1. Look at ALA267 and say whether it is in a helix (DSSP H, G or I), assigned by TED's automatic domain parsing to the domain that holds ARG140 and surrounded by fewer than 21 Cβ atoms within 10 Å (Cβ to Cβ).
2. Among GLU242, GLU262, GLU214, which is the only one that is out of contact with any strand residue (DSSP E or B) (no Cβ under 9 Å at 6 or more places or on another chain) and either under 24 Å from PRO24 (Cα atoms) or not assigned by TED's automatic domain parsing to the domain that holds LEU111 (or both)?
3. Name every residue in segment 87-109 that is farther than 21 Å from SER138 by Cα and either touching a residue at least 12 places away in the same chain (Cβ under 8 Å) or surrounded by 13 or more Cβ atoms within 10 Å (Cβ to Cβ) (or both), in order of residue number.
4. Can you confirm whether segment 80-91 contains a residue that is assigned by TED's automatic domain parsing to the domain that holds GLY240, in contact with a Lys or Arg (Cβ under 8 Å, 6 or more places away or on another chain) and either hydroxyl-bearing (Ser, Thr, Tyr) or over 24 Å from PRO24 (Cβ atoms) (or both)?
5. Given (1) within 16 Å of the chain's Cα centre (by Cα); (2) in a loop (DSSP other than H, G, I, E, B), where does ARG249 come up short, assuming only one miss?
6. Listed residues ASP153, ASP221, ASP182, ASP169; which is in the same structural domain as ALA37 (by TED's automatic domain parsing), acidic (Asp, Glu) and touching a strand residue (DSSP E or B) at 6+ places or on another chain (Cβ under 6 Å)?
7. Tally up the residues in segment 201-231 that are free of Cβ contacts under 8 Å to residues at least 60 places away in the same chain and closer than 18 Å to VAL252 by Cβ, please.
8. Quick one: which of GLY55, GLY41, GLY33 is in the same structural domain as VAL205 (by TED's automatic domain parsing), under 21 Å from the mean Cα position of the chain (by Cα) and either at positive phi or polar (S, T, N, Q) (or both)?
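The values are calculated or read from the model by the stated rules, or taken from the named source; none is laboratory data. Since the structure is predicted, the reported quantities are computational estimates derived from the model, not experimental observations. Don't worry about glycine lacking a Cβ; one is built from the backbone with ideal geometry, like all the others, and counts go over all protein chains shown.
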Amino acid sequence: MTAHRPVAPVENLPPGTWVSAWAPEGFPEVRPGDDLATLVGDAVAAGSTAALAEGDVVVVTSKIVSKAEGRVVCAADREQAITDETVRVVATRERPDGLPPLRIVENRLGLVMAAAGVDASNTPEGTVLLLPHDPDASARALRAALRARFGLDRLGVVVTDTAGRTWRDGLTDIAIGAAGVDVLDDLRGGVDAHGRPLSVTVTAVADEIAAASELVRGKADGRPVAVVRGLARHVRAGDGPEADGAGARTLVRPSADDLFREGSAEAYARGLADGRAGAPA
């Protein structure tokens with residue numbers, strides 16, 4: 001017989017060595033005009049795990065934020081909604097069987113993603129769901145309301161959306177809005193475990209929180225909210241702009257640093273056109 005050592009609760013381990021996540025069940029359908037902070041607070045308070053604690057991060061999907069903010073629009077043609085939300089086309093690929101072309105675009109939030117983030121799932125027939133106008137502002141409002149309700153000082157909020165990743169198959173959730181969270185952890189100037197200097201390491205903390213939360217929320221399980229615990233070192237205390245932080249918008253790579261501004265076919269076509277016009281390479 002093999003002896004098994006009992007496992008201590010993660011809360012008994014040293015800070016910074018554990019992270020936990022849980023998602024309350026039974027979240028109601030969100031409709032335009034609903035008080036999202038009340039719905040989220042009620043769901044968290046009714047969950048089987050302890051209610052919010054200092055240093056927690058509340059993670060919500062952009063879908064429920066958009067629904068509460070009335071970003072549901074009538075659209076018999078999703079393609080027109082995608083066009084309306086697009087500020088720059090990155091790449092377009094034709095698809096078989098008469099399906100609309102796949103479009104990777106930059107939307108008005110500066111996010112580069114498929115279909116400009118326009119979503120036709122889990123929304124009434126004949127409508128589509130647009131991303132929130134300002135996900136960082138939505139996160140700030142939700143953080144303020146939850147801090148007041150639960151009497152907390154240190155609390156973070158992350159708003160997520162699902163996106164693909166360059167060079168990788170599969171989808172994951174990323175942060176498109178954040179408040180009270182250090183969205184980036186800049187380790188440059190430090191050293192690694194062997195004393196070597198770190199010169200390029202900047203960790204996308206908010207994206208990692210978003211992805212971790214999706215493991216307990218799921219895509220079709222009716223759990224659009226999660227609580228991530230154990231990351232208090234990345235969570236800010238207090239209120240006001242300094243406590244809210246710079247938001248998830250700072251995660252968008254500046255165009256000057258973007259080495260892949262176009263798809264290969266688009267870059268080839270532009271280069272060919274420039275060459276024919278006598279433009280410099």
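1. Numbers: in a helix (DSSP H, G or I): yes; assigned by TED's automatic domain parsing to the domain that holds ARG140: no; surrounded by fewer than 21 Cβ atoms within 10 Å (Cβ to Cβ): yes.
It is false that ALA267 is in a helix (DSSP H, G or I), assigned by TED's automatic domain parsing to the domain that holds ARG140 and surrounded by fewer than 21 Cβ atoms within 10 Å (Cβ to Cβ).
2. None of the others qualify; the one that does is GLU242.
3. From segment 87-109, those farther than 21 Å from SER138 by Cα are 87-105; that's our starting set.
Passing the criteria: VAL87, ARG88, VAL89, VAL90, ALA91, THR92, ARG93, PRO100, LEU102, ARG103, ILE104, VAL105.
4. No, because not a single residue in segment 80-91 is assigned by TED's automatic domain parsing to the domain that holds GLY240, in contact with a Lys or Arg (Cβ under 8 Å, 6 or more places away or on another chain) and either hydroxyl-bearing (Ser, Thr, Tyr) or over 24 Å from PRO24 (Cβ atoms) (or both).
5. It fails just one condition, (2).
6. Details: ASP221 fails: touching a strand residue (DSSP E or B) at 6+ places or on another chain (Cβ under 6 Å); ASP182 fails: touching a strand residue (DSSP E or B) at 6+ places or on another chain (Cβ under 6 Å); ASP169 fails: touching a strand residue (DSSP E or B) at 6+ places or on another chain (Cβ under 6 Å).
Selected residue: ASP153, the only one of ASP153, ASP221, ASP182, ASP169 that is in the same structural domain as ALA37 (by TED's automatic domain parsing), acidic (Asp, Glu) and touching a strand residue (DSSP E or B) at 6+ places or on another chain (Cβ under 6 Å).
7. 8
8. None of the other options fit; the residue is GLY55.
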